[in-house]
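For reference, the structure is listed below as structure tokens.
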């Protein structure tokens with residue numbers, strides 16, 4: 001089975017312009033999940049942004065994940081949260097949202113941290129460039145996880161050359177999508193095609 005796409009919105013996407021960018025991205029290929037980083041927004045601005053984006057993505061059967069705020073996710077009807085705080089807050093999110101909603105684990109700083117959050121009940125483990133203590137490349141982290149554990153992992157990709165041979169169940173795409181000269185659909189369709197070929 002080909003990896004699914006985990007799309008990351010720009011951290012400070014303009015609420016006036018982002019829906020027009022998002023719609024063709026969602027229409028171009030199947031997107032499994034959309035993560036909405038809070039960025040530098042105030043709580044009020046983030047709430048307004050999430051309220052606007054959630055229905056757009058959900059109409060395309062794309063799960064929407066909010067940034068750490070599990071109470072807001074529940075209030076707005078988001079599909080879950082991406083947690084990048086400590087284990088205590090992560091466990092609070094699990095208690096608040098499971099089993100009805102997704103609780104993903106980001107900001108993984110060690111193998112032990114990944115395993116602890118998986119054991120606690122994470123729906124996925126997210127590996128990205130912000131894991132300096134892992135002492136492994138992102139691909140190595142994802143390979144280790146995919147070969148050892150059943151809980152899905154998300155591997156962040158920052159260059160199209162990384163599409164081939166993705167070992168995880170999901171690939172996370174962010175800035176390379178939104179900054180693509182030919183528009184977001186060009187990167188997303190290329191990613192989908194490459195992933196299909198890899199798993200064929």
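Taking the range 116-144 as the range and being at pLDDT below 90, within 17 Å of the chain's Cα centre (by Cα) and crowded, with 16+ Cβ neighbours inside 10 Å as the test, the residues that pass are 127, 128, 131, 138, 139, 141, 142.
Can you list the helices (runs of 4 or more DSSP H) found entirely within the range 1-95 that contain at least 2 residues being out of contact with any strand residue (DSSP E or B) (no Cβ under 7 Å at 6 or more places or on another chain) and closer than 16 Å to residue 122 by Cα? The helices (runs of 4 or more DSSP H) meeting that bar number zero.
Kindly establish whether residue 63 is surrounded by fewer than 21 Cβ atoms within 10 Å (Cβ to Cβ), in contact with a helix residue (DSSP H, G or I) (Cβ under 9 Å, 6 or more places away or on another chain), closer than 22 Å to residue 114 by Cα and at pLDDT 95 or above. Judged against the criteria, residue 63 is not a match. Confirm whether residue 65 is closer than 12 Å to residue 15 by Cβ and either under 15 Å from the mean Cα position of the chain (by Cα) or free of Cβ contacts under 8 Å to residues at least 24 places away in the same chain (or both). Against the criterion (closer than 12 Å to residue 15 by Cβ and either under 15 Å from the mean Cα position of the chain (by Cα) or free of Cβ contacts under 8 Å to residues at least 24 places away in the same chain (or both)), residue 65 does not qualify.
For the range 74-110, filtering for residues that are under 24 Å from residue 169 (Cα atoms), in contact with a helix residue (DSSP H, G or I) (Cβ under 7 Å, 6 or more places away or on another chain) and surrounded by 14 or more Cβ atoms within 10 Å (Cβ to Cβ) leaves 13.
Look at residue 104 and say whether it is touching a residue at least 24 places away in the same chain (Cβ under 8 Å) and assigned to a loop (DSSP other than H, G, I, E, B). Give the steps one after another, and end with the answer.
Working: touching a residue at least 24 places away in the same chain (Cβ under 8 Å): yes; assigned to a loop (DSSP other than H, G, I, E, B): no.
No.
Please go through the range 157-192 and give me each residue that is under 15 Å from residue 106 (Cα atoms) and at pLDDT 90 or above, ordered by number. Across the range 157-192, the qualifying residues are 170, 171, 172, 173, 174.
Count, please, the residues in the range 150-188 that happen to be over 21 Å from residue 118 (Cα atoms) and loosely packed, with under 13 Cβ neighbours inside 10 Å. Explain how you work it out, then say what you get.
First, the residues of the range 150-188 that are over 21 Å from residue 118 (Cα atoms): 157-165, 173-188.
From the residues that got through so far, the ones that are loosely packed, with under 13 Cβ neighbours inside 10 Å too are 159, 161, 164-165, 175, 179, 181-182.
Of the residues in the range 150-188, 8 are over 21 Å from residue 118 (Cα atoms) and loosely packed, with under 13 Cβ neighbours inside 10 Å.
For the range 104-115, the set of residues classified as modelled with pLDDT under 95 and touching a strand residue (DSSP E or B) at 6+ places or on another chain (Cβ under 7 Å) consists of 106, 108, 114, listed by residue number. The residues listed here are 50, 3, 25, 20; of these, the one that is crowded, with 19+ Cβ neighbours inside 10 Å and either under 12 Å from residue 178 (Cα atoms) or without any contact (Cβ under 8 Å) to a residue 12 or more places away in the chain (or both) is 25.
The values are calculated or read from the model by the stated rules, or taken from the named source; none is laboratory data. Quick caveat: nothing in here was measured; it's all calculated off a predicted structure. Ideal geometry is used to build each Cβ from the backbone, glycine not excepted, and the neighbour counts take in all protein chains shown.
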